[in-house]
């Protein structure tokens, strides 16, 4: 990794590396998983989960009444199963699997809601007169960010850290807890996967934490965000942060972007902890590039239901002596032992198509496979029988294309992948490398990598 100058936390230190080498310790217990009546391990047990951490870490799950019930239920029985203090916020008060779900939009004053057209959908949900579609639910979603932070503070005012995620976000709790142990919650910190937001008058942008990847606020950051002017008798005379930024939220598309602006205006810049907080879904991670191998994994977005359940069980079977790196996570996919898949595409992100289209590799699956094998850098390929061969430089699983099962075929050069992994195994500094991107330069580099 290159050496850059960080901004924000350590402005007086120049030429500091953009990663830290920490030797961390798991807070999960080593107690073996209990066995059921069939003498099999209970893969979803919470016996080893460090519940004591939750007195210091408040976790908040954001959802909507318009979301697929299977997604919410799966999340609550896998990713957040062991979170005993979980705060679930939505746009409709209800109960799901024993969890009270709070209508967080009700915290916005009624007089304000009545002036905002999007809240007609919220009214319909409350009255039960009709349902609303996913698009209407998405338009309401941006109004939840600031109120849910205020609610989290009220629910757990002594927490050191506040963690926010969505129902398609996967969190590796072991790595998150390891990382938080290295930071001081009395410092205003805002962590997540950086995305470019509102422009600044003097040029540049305000970076915000992409909500789908989850984000973290320290106690000091929440206190600074929520600070209000008071009167001589102790009463609040200034607006709440939700009221202060309600018009901006109304005019914007995205609540996570407005949150980033609110924090920035109160003197709190984003700590862009990428690639630990990752906007990629699990099946799209480009394993093996410079950012996705030796680094620890904290979160992933757009997780499939099967992966939320399957990866939780896989983690529970894993020895947590060392943190979970991308180099470990690749084993969940069994990349290196995969057969070719029809109706599959592993080249739709980061793929390389060589011109012209008359090259032999574009003419057949066999030619595409052979051409990939002959290139040292090609780890996988996808052939479209309409005449396109896509080479993949990374060890990426890709995704199913069930409607194009006879058109697309994807494959992996298993021999090459195994040799590469053996060669690179010496590079893995287990338990020591964390990669936060604090500087504007580094976050721009991350943006170019994500959208290349």
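Every number here is computed from the coordinates shown, using simple stated rules; none is lab data. Predicted model, so just to flag it, every value in this text is computed and none were measured. Here the Cβ positions follow ideal geometry from the backbone for every residue, glycine too, while neighbour counts run over all protein chains shown.
Some values worked out for this structure:
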quantity: Cα centroid of the stretch 217-233 to Cα centroid of the stretch 252-280, whole Å; calculated: 19
quantity: Estimated 222 nm signal from helices in the chain, with DSSP H stretches of n ≥ 4 weighted -39500 (n - 2.57), rounded to 500; calculated: -8000 deg cm²/dmol
quantity: For the chain: relative contact order, % (alpha-carbon pairs under 8 angstrom, 6 or more apart); calculated: 17
quantity: Distance from the stretch 56-124 to the stretch 292-326 (C-alpha centre basis), Å; calculated: 25
quantity: Most to least packed among 114-124, 379-389 [average Cβ atoms within 10 Å]; calculated: 379-389, 114-124
quantity: Spherically averaged projected area in nm², based on the convex hull that wraps the Cα atoms of the stretch 334-412; calculated: 4.7
quantity: Under the Debye formula (equal points on every Cα, no solvent term), log10 I(q)/I(0) of the stretch 42-84 at q = 0.19 Å⁻¹; calculated: -0.67
quantity: Proxy reagent accessibility, fewest Cβ within 10 Å first, across 298, 285, 417; calculated: 417, 285, 298
quantity: Rg in Å to one decimal, and Dmax rounded to a whole Å, for the stretch 49-272 via C-alpha atoms; calculated: 17.2, 51
quantity: The chain - Rg and Dmax from Cα coordinates, angstrom; calculated: 23.3, 81
quantity: Ranked packing of 185-195, 359-369, most packed first, by mean Cβ within 10 Å; calculated: 185-195, 359-369
quantity: Ratio of Rg to Rh over the stretch 178-238 (Cα coordinates, Kirkwood Rh, two decimals); calculated: 1.11
quantity: DSSP-defined antiparallel bridges as percent of all bridges, the chain, nearest 5; calculated: 75
quantity: Residues 237, 96, sorted so that the one with the fewest Cβ neighbours within 10 Å comes first; calculated: 237, 96
quantity: Whole-angstrom gap from the stretch 338-352 to the stretch 372-401, using each part's C-alpha centre; calculated: 6
quantity: Linear extension gain, residue 182 paired with residue 248, 0.36 nm per residue minus alpha-carbon span; calculated: 20.3 nm
quantity: Tail weight of P(r) past 17 Å, computed on alpha-carbon pairs of the stretch 130-220, percent; calculated: 61
